[in-house]
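> My questions all concern the structure below.
The values are calculated or read from the model by the stated rules, or taken from the named source; none is laboratory data. Keep in mind that this is a model prediction, so the values were computed, not measured. Ideal geometry is used to build each Cβ from the backbone, glycine not excepted, and the neighbour counts take in all protein chains shown.
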Amino acid sequence: MKITVSINLGGYSFNIDEDAYTELKHYLKNLELHFAGEESSSEILSDIETRIAELFRTKITGYKQVINIDDVRQSISVMGTPEDISDTDRPSARDKFSSPGYHRMYRDPDHRMIGGVCSGMAAYWDIDPLIVRIIFVALALGGGLGILVYLSYIS
């Protein structure tokens with residue numbers, strides 16, 4: 001049994017399962033971030049949503065009434081990445097994060113493995129994400145080992 005969510009996309013109402021909704025939400029958020037600097041970003045996003053709604057409408061039949069994660073992934077592959085959609089050469093998230101000046105640390109969804117935290121930290125400090133991931137694993141294992149040594153010492 002899966003939870004379904006009712007969404008309005010491109011003027012149409014769809015029932016979509018929870019996993020598919022999460023993936024679609026991340027994709028649309030990435031598009032929103034990518035086109036944030038454009039004058040007509042709201043029009044671009046509206047057109048993209050309309051096209052995705054058209055793709056979803058082809059997936060709905062008399063028997064199948066819910067959009068699933070495979071449908072979302074197929075639609076995303078048809079639409080392409082934000083860089084594929086954009087006709088201008090825009091900087092990637094890494095370029096935006098590593099620009100000089102004050103800025104906040106964010107997760108980097110473009111280079112994520114699990115949640116994008118390590119890649120966001122790496123982008124913030126302009127280093128390789130692998131280094132941050134290795135440090136994170138070492139601290140997690142070291143902290144876990146430290147806890148075991150601490151507990152064995154107490155007893």
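> On the basis of being in a helix (DSSP H, G or I), modelled with pLDDT of 85 or more and surrounded by 15 or more Cβ atoms within 10 Å (Cβ to Cβ), does residue 5 make the cut? Explain how you work it out, then say what you get.
Working: in a helix (DSSP H, G or I): no; modelled with pLDDT of 85 or more: yes; surrounded by 15 or more Cβ atoms within 10 Å (Cβ to Cβ): yes.
No: the conditions fail for residue 5.
> With the requirement that a residue be surrounded by fewer than 17 Cβ atoms within 10 Å (Cβ to Cβ) and part of a helix (DSSP H, G or I), what does the range 60-71 give you?
Of the range 60-71, the ones surrounded by fewer than 17 Cβ atoms within 10 Å (Cβ to Cβ) are 60-66, 68, 70.
Result: 70, single match.
> Can I ask one more? Of the conditions (1) more than 22 Å from residue 7 (Cα to Cα); (2) modelled with pLDDT of 80 or more; (3) among the basic types (Lys, Arg), residue 73 clears all except one; give me its number.
If we test residue 73 against (1) more than 22 Å from residue 7 (Cα to Cα); (2) modelled with pLDDT of 80 or more; (3) among the basic types (Lys, Arg), just (1) comes out false.
> Could you please tell me which pairs satisfy a Cβ distance under 7 Å, a separation of 6+ or placement on different chains, a first residue in the range 27-52 that is at pLDDT below 85, and a second residue that is of a type in the set (S, T, N, Q) and assigned to a helix (DSSP H, G or I)?
35/41
> Any residue at all in the range 135-148 that is more than 18 Å from the chain's Cα centre (by Cα), at pLDDT below 80 and closer than 30 Å to residue 16 by Cβ? Don't jump to the end; show me each part of the working.
Looking only at the range 135-148, we keep the residues that are more than 18 Å from the chain's Cα centre (by Cα), and these are 135-148.
Of the ones still in play, those that are also at pLDDT below 80 are 135-148.
Subset that is closer than 30 Å to residue 16 by Cβ: none.
Checked against the condition, which is being more than 18 Å from the chain's Cα centre (by Cα), at pLDDT below 80 and closer than 30 Å to residue 16 by Cβ, the range 135-148 yields no hits at all.
> Next up: For the range 34-49, what are the residues that are surrounded by 14 or more Cβ atoms within 10 Å (Cβ to Cβ) and more than 16 Å from residue 74 (Cβ to Cβ)? Lay out the reasoning, then the answer.
Initial filter on the range 34-49 (surrounded by 14 or more Cβ atoms within 10 Å (Cβ to Cβ)): 34-35, 38, 41, 44-45, 48-49.
If the condition is that a residue be surrounded by 14 or more Cβ atoms within 10 Å (Cβ to Cβ) and more than 16 Å from residue 74 (Cβ to Cβ), then 34, 35, 38, 41, 44, 45, 49 are the ones that fit.
> May I pose another question? Taking the range 1-33 as the region of interest, how many residues are under 20 Å from residue 77 (Cβ atoms) and not hydrophobic (A, V, I, L, M, F, W, C)?
Of the residues in that region, 12 qualify.
> Kindly check whether there is at least one residue in the range 81-90 that is of a type outside the set (Gly, Ala, Ser) and at pLDDT 80 or above.
No, because not a single residue in the range 81-90 is of a type outside the set (Gly, Ala, Ser) and at pLDDT 80 or above.
> Also, quick follow-up: Right, residue 106: within 30 Å of residue 127 (Cβ to Cβ), surrounded by 15 or more Cβ atoms within 10 Å (Cβ to Cβ), within 20 Å of the chain's Cα centre (by Cα) and at pLDDT 90 or above or not? Quick ask: steps written out before the conclusion?
On the way: within 30 Å of residue 127 (Cβ to Cβ): yes; surrounded by 15 or more Cβ atoms within 10 Å (Cβ to Cβ): yes; within 20 Å of the chain's Cα centre (by Cα): yes; at pLDDT 90 or above: no.
Against the criterion (within 30 Å of residue 127 (Cβ to Cβ), surrounded by 15 or more Cβ atoms within 10 Å (Cβ to Cβ), within 20 Å of the chain's Cα centre (by Cα) and at pLDDT 90 or above), residue 106 does not qualify.
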